[in-house]
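Taking it in order: structure first as structure tokens, then the write-up.
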Amino acid sequence: MTSHPVPLDQRLMSQIATLNRRLSLVEGIVNDPVAVGSTLARTSLSSTTYVPGTTGWIINADGTGEITADVTILGAGGTVITIGPTAPVSPVGGQFWFNTSSGSPVMEVYNAGTAQWVDYQWGTNAIEDNAITQALLSNNAVGTAQIINGAITSAQIAAGAGIQGSQLAAAAGITSGQVAFNARQIGAVQVSVGPTPPASPNAGDLWIKSAS
């Protein structure tokens, strides 16, 4: 029988010491848990380099937090989102960057065509001209409640587009103050009164010369 190089009592003491260290670690986790289920148990968690407003990150139990170091998140569909003061290295088109270098985060998106980071456009600024067509709108999708007074002027209506009676509701409420036209524009004869002949007359127009 071959003897073990380390006496049995020493081996037992070593195993006991290891178990004591592991037990202390478990007790520490139980006494000061990071989270209980999905709820943060501590008042806050922070990086070892966290300095308010300068470096690192902190997440608070009340839902607030601060991130000033570079943090990369893999979003839905594989979209990469970076938070921090420095632009990501080797970005791909469509990648997002919350630029925190100015103190107030600015959301930017990488344009692969121009190889530049550009401010991400929100709201109506993100909609290109002519992007919304009639085919994309359902019947009655845009009503008077969606159009503010004065939003549609003659500049927004193409020449010859025409608005027919069938396109107006019976109670649309269009008054003479909202419509401007002359006799010629509704197919009638233009009658002019004055000492000089009217400019650009059409066939059939009448001129009543007031000077002898």
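Coordinate-derived values only; no laboratory data. Note that this is a predicted model, so its numbers are computed, not measured. Here the Cβ is made from the backbone with ideal geometry for all residues, glycine too, and neighbour counts use every protein chain on show.
A few points about this structure:
- Residues Asp119, Asp9, ranked from the fewest to the most other C-beta atoms within 10 Å, line up as Asp9, Asp119.
- The distance between label points at Leu19 and Ala158 comes to 8.6 nm (points 7 Å beyond Cα on the Cα→Cβ vector).
- Here the label points at Ser104 and Leu45, each 7 Å from Cα along the C-beta direction, are separated by 3.1 nm in the simple model.
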